[in-house]
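These notes are about the structure you will find just below.
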Amino acid sequence: MTAAAAARQILLRLTEVMASRLHAQGKLDQVVEIIGECLSSEVCSIYLLREGMLELFATRGLNQSAVHVTRMAIGEGLTGQIARKVETLNLAEAKAHPDFQYRPETGEEKFHSFAGVPIVYRERAVGVLCVQHVEPRRYEDIEIEALQTTAMVLSELIANAELIDEEEALGLTSEMVGPQTLAGLTLVKGLGAGHAVYHQPRVEITQVMAQDIEAERERVYRAFDKMRQQIDGLASQAEFGVGGEHEEVLETYKMFAYDEGWSRRINEAIDAGLTAEAAIERVQQHTRMRMREIDDPLLADRMHDLEDLANRLLRIVAGQVGTAASQGLRRDTILIARNLGPAELLEYDKRRLKGVILEEGSLTAHVVIVARAMNVPVIGRTKGVRTTIREGDEILLDASAGSAIVRPLPQVADAFQARFAKSREKQALYAQLRDVEPFTRCGTRIQVMMNAGLRDDMAALSMTGADGVGLFRTEFQFLVSATLPQRERQTRLYRDVLDAAGDKPVIFRTVDIGGDKSVPYLASEIAAQDENPAMGWRALRLALEREGLMKIQARSLLEAAAGRSLYVMFPMVSEPWEFDAAKQVFDEQLAFLRAQKKLLPERINFGAMLEVPALAEVLDMLLPRLSFLSIGTNDLTQFLFAADRANPKLAERYDWLSPSILRFLRRVMQSSVGSGVDIGVCGEMGGRRLEALALLGIGYRRLSITPAAVGPIKELVRKVDLAELTAAMNGWLASPHRSLREELAGWASARDIEYD
Ligand code: PEP
Ligand code: MG
């Protein structure tokens with residue numbers, strides 16, 4: 001008999017029992033009889049977790065008086081080991097195993113062989129199903145498979161409270177749902193509390209046993225087909241378009257998606273009588289168990305990919321398309337994802353999104369920039385997420401400390417709330433600085449501007465008292481739209497932004513799409529061209545060549561700024577002629593509007609971003625054409641170090657306070673002296689205190705930063721004496737260490753300047 005046939009035989013009989021009017025205990029008693037009979041085993045027992053202990057709930061072959069009496073702790077005896085390690089045991093001689101523990105009340109001394117499988121629910125053992133035999137024999141693979149399939153059915157029945165009541169079902173997992181702390185890398189500082197929501201929600205399997213096997217086969221066949229199509233088209237999706245590892249991940253996905261062995265095992269599980277959903281989960285459980293036995297980090301990574309894919313397949317089969325965003329957030333949420341694109345994050349309800357936990361991620365990835373702009377704390381590179389956090393779990397996210405407490409104890413939650421209150425007090429203090437101009441101790445006025453990208457962000461301008469918007473990322477509108485935004489929509493947005501800013505300047509950066517900011521309507525074009533999108537056809541390169549795109553944006557900006565001052569900045573300028581070409585597009589549109597006798601902007605200031613190191617060598621040629629220059633340290637540092645800003649493996653490798661970056665930035669500042677061009681920094685670097693100190697110390701007087709950093713940086717500016725700081729920086733840069741972090745931290749703390 002095949003494994004499928006053996007399991008099917010058991011399942012058919014179990015179906016009858018489950019459909020019967022028997023009470024829970026009666027059903028369990030029947031289940032052990034059926035399994036024992038079908039596997040020709042003298043003993044079959046079911047242990048279920050209750051109040052943290054594995055309790056014998058039903059048995060055939062052991063003393064009935066032991067039922068609800070024999071209890072083992074997790075990890076105790078063979079049963080306890082199976083639950084703890086969530087693995088199968090198959091022993092010809094149970095007593096020979098070092099973990100064997102004899103329980104006299106069961107009368108099990110006469111049995112030699114033993115096989116047990118965990119009853120798993122949501123990746124945790126909630127019980128154990130085992131068989132024992134007088135003869136010392138190892139159970140055959142098909143018997144073990146049949147046991148595993150049965151355990152799966154039992155787990156769903158337990159979860160659906162058909163075997164025990166709801167309270168017990170909840171009590172069952174108490175051992176496995178205690179508080180846990182996860183560690184990750186701080187990506188956006190802050191505190192947040194809420195309930196876990198997976199970006200790609202898990203599918204709850206409600207029906208385990210198939211009614212019509214052919215129909216289930218067909219469903220899974222179609223789902224595989226669809227999944228393969230999706231994987232083939234994945235390169236263009238933001239979810240996967242992030243990160244230098246994406247090629248590798250994609251290759252692995254393809255390998256699994258087309259793996260005949262995987263689809264065959266799922267089909268076998270269907271033949272055994274499971275629904276398509278249950279079969280996918282059953283095979284996944286089996287793989288998880290096997291992988292746990294192999295302690296290899298590389299394989300663990302691959303397992304992660306397979307989990308992702310199995311979840312994708314499940315969602316296709318179950319018809320659950322779309323991410324959690326499409327279902328809406330119902331309460332305060334900590335969002336959990338492997339990785340996210342910026343557009344995907346923007347789909348979430350800002351009011352309910354209290355934090356993000358990423359399994360990957362890096363400091364300057366755009367999703368992180370968006371989160372920073374939304375003031376949502378984020379940690380990345382977090383390990384053990386899927387095995388620890390269940391959908392709906394309460395989470396306290398302390399992104400500043402790089403940790404997340406899952407299912408906290410009440411006293412921990414109270415302490416967290418107290419810290420929360422403190423941090424709100426601090427925010428209130430910063431708010432008091434709103435109308436205070438940031439003069440240094442020595443009397444120099446520093447321009448502290450903010451970065452923005454959405455209409456909603458503009459509220460932060462008056463809340464923080466920033467000097468204006470030093471970087472308006474116009475591409476955010478492109479990222480949140482399903483199609484290329486039309487001219488009217490663009491004009492409306494820019495006009496609203498200018499209205500909201502009042503007298504304060506707003507520097508509009510023309511679209512910077514491409515790289516990790518992929519948009520669906522251009523994705524295939526970008527992907528087709530680029531092996532390395534960050535250095536590829538993006539930003540100005542794309543805008544200049546995409547017929548109409550730049551023209552439309554130019555016209556929208558000119559119309560929106562009619563009668564006022566307009567600041568336009570071009571991203572990723574690599575050579576001066578690119579600046580000229582971009583400016584020419586504006587000049588032509590201006591001429592057109594003039595001919596139409598339209599009201600024009602009073603004044604137009606053109607600027608460029610310095611993000612590509614090559615531009616620093618031709619500043620003498622570029623500066624005379626500009627009214628301002630803004631240094632994009634996010635891209636600049638990735639190009640200086642040849643380190644992909646979205647690659648999680650490189651996220652911590654290089655420091656913004658390294659001498660190479662700081663010397664480079666100082667040289668740019670020095671070569672612009674006397675040019676009359678206003679030079680500032682608009683990368684994430686300027687929003688961090690020690691980095692801001694370094695920038696002030698090498699001559700920068702304008703920073704454009706994330707709104708949440710405006711208060712802290714204003715506070716810092718007011719404590720600085722520039723002459724003193726400049727002298728210190730020059731000294732450190734003359735004979736530097738690997739990084740100036742320690743020196744700057746020492747300097748700050750000696751002056752009572754907060755710096756974490
Ligand atoms: C930068 O590169 O530093 C920058 C400000 O632009 P973005 O982060 O949008 O690429
Ligand atoms: Mg950039």
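Computed values, structure above
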| read-out | value |
| --- | --- |
| Residues of segment 670-688 satisfying the condition of being part of a loop (DSSP other than H, G, I, E, B) and hydrophobic (A, V, I, L, M, F, W, C) | 673, 677, 682 |
| Residue that is modelled with the highest pLDDT, among those in segment 669-695 that are away from ligand 1 (no atom under 16 Å from the Cβ) and among the β-branched types (Val, Ile, Thr) | 677 |
| Qualifying residue in segment 721-734 (condition: more than 16 Å from ligand 1 (Cβ to nearest atom), under 18 Å from residue 446 (Cα atoms) and not in a helix (DSSP H, G or I)) | yes |
| Subset of segment 477-518 [at pLDDT below 75 and more than 14 Å from ligand 1 (Cβ to nearest atom)] | 480, 481, 482 |
| Flag if residue 698 is among the hydrophobic types (A, V, I, L, M, F, W, C), modelled with pLDDT of 95 or more and within 16 Å of ligand 1 (Cβ to nearest atom) | no |
| Residue that is modelled with the lowest pLDDT [pool: residues in segment 424-460 that are of a type in the set (S, T, N, Q) and within 25 Å of residue 683 (Cα to Cα)] | 427 |
| Hits in segment 629-663 (condition: within 16 Å of ligand 2 (Cβ to nearest atom) and of a type in the set (Phe, Trp, Tyr)) | 639, 641, 656 |
| Every residue from segment 461-480 that is farther than 14 Å from residue 519 by Cα and not in a helix (DSSP H, G or I) | 465, 466, 467, 468, 469, 470, 471, 472, 473 |
| Pairs with Cβ under 8 Å, 6+ apart, first in segment 21-36 and over 24 Å from residue 6 (Cβ atoms) and at pLDDT below 90, second charged (D, E, K, R) and assigned to a loop (DSSP other than H, G, I, E, B) | 24/162; 24/165 |
| Residues that are part of a helix (DSSP H, G or I), away from ligand 1 (no atom under 16 Å from the Cβ) and touching a strand residue (DSSP E or B) at 6+ places or on another chain (Cβ under 8 Å), drawn from segment 621-668 | 622, 623, 625, 648 |
| Count of residues meeting criterion [more than 25 Å from residue 364 (Cα to Cα) and among the hydroxyl-bearing types (Ser, Thr, Tyr)] in segment 531-582 | 2 |
| From the options 288, 264, 282, residue that is free of Cβ contacts under 8 Å to residues at least 12 places away in the same chain, in a helix (DSSP H, G or I) and either of a type outside the set (Ser, Thr, Tyr) or touching a helix residue (DSSP H, G or I) at 6+ places or on another chain (Cβ under 8 Å) (or both) | 264 |
| Unique residue being over 20 Å from residue 747 (Cα atoms) and over 31 Å from the mean Cα position of the chain (by Cα) when the list is 705, 698, 679 | 679 |
| Residues of segment 689-720 that turn out to be outside any helix (DSSP H, G or I) and among the charged types (D, E, K, R), as a count | 4 |
| Test: residue in segment 594-606 that is at pLDDT below 95, assigned to a helix (DSSP H, G or I) and more than 16 Å from ligand 1 (Cβ to nearest atom) | no |
| Filtered residue count, segment 571-588, keeping only those that are away from ligand 2 (no atom under 16 Å from the Cβ), part of a helix (DSSP H, G or I) and charged (D, E, K, R) | 4 |
| Cβ-Cβ under 6 Å pairs, at least 6 apart or on other chains, segment 554-574 side at positive phi, far side in a loop (DSSP other than H, G, I, E, B) | 563/599; 572/611 |
| Criterion violated by residue 587 - all others in (1) surrounded by 17 or more Cβ atoms within 10 Å (Cβ to Cβ); (2) farther than 17 Å from residue 514 by Cα satisfied | (1) |
| Qualifying residue in segment 374-381 (condition: in contact (Cβ under 8 Å) with a residue 24 or more places away in the chain, within 16 Å of ligand 2 (Cβ to nearest atom), under 14 Å from the mean Cα position of the chain (by Cα) and surrounded by 23 or more Cβ atoms within 10 Å (Cβ to Cβ)) | no |
| Qualifying position, being at pLDDT below 90, exposed (fewer than 15 other Cβ atoms within 10 Å of the Cβ) and acidic (Asp, Glu), among 218, 247, 214, 239 | 247 |
| Answer residue from segment 383-405, given it is part of a loop (DSSP other than H, G, I, E, B) and among the hydrophobic types (A, V, I, L, M, F, W, C) and is surrounded by the fewest Cβ atoms within 10 Å (Cβ to Cβ) among those | 401 |
| Conditions (1) within 16 Å of ligand 2 (Cβ to nearest atom); (2) more than 35 Å from the chain's Cα centre (by Cα); number of the one not met by residue 602 | (1) |
| Hits in segment 455-476 (condition: of a type in the set (Asp, Glu) and more than 16 Å from ligand 1 (Cβ to nearest atom)) | 456, 467 |
| Residues being more than 20 Å from residue 471 (Cβ to Cβ) and away from ligand 2 (no atom under 16 Å from the Cβ) - total across segment 605-618 | 2 |
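The rows are residues; the columns are (1) among the aliphatic types (A, V, I, L, M); (2) part of a helix (DSSP H, G or I).
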{"position": "55", "(1), (2)": "no, no"}
{"position": "58", "(1), (2)": "yes, no"}
{"position": "62", "(1), (2)": "yes, no"}
{"position": "69", "(1), (2)": "yes, no"}
{"position": "72", "(1), (2)": "yes, no"}
{"position": "79", "(1), (2)": "no, yes"}
{"position": "83", "(1), (2)": "yes, yes"}
{"position": "90", "(1), (2)": "no, no"}
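The values are calculated or read from the model by the stated rules, or taken from the named source; none is laboratory data. Quick caveat, the model's predicted, so the values are computed rather than measured. Here Cβ is always computed from backbone atoms with ideal geometry, including for glycine, and neighbour counts include all displayed protein chains.
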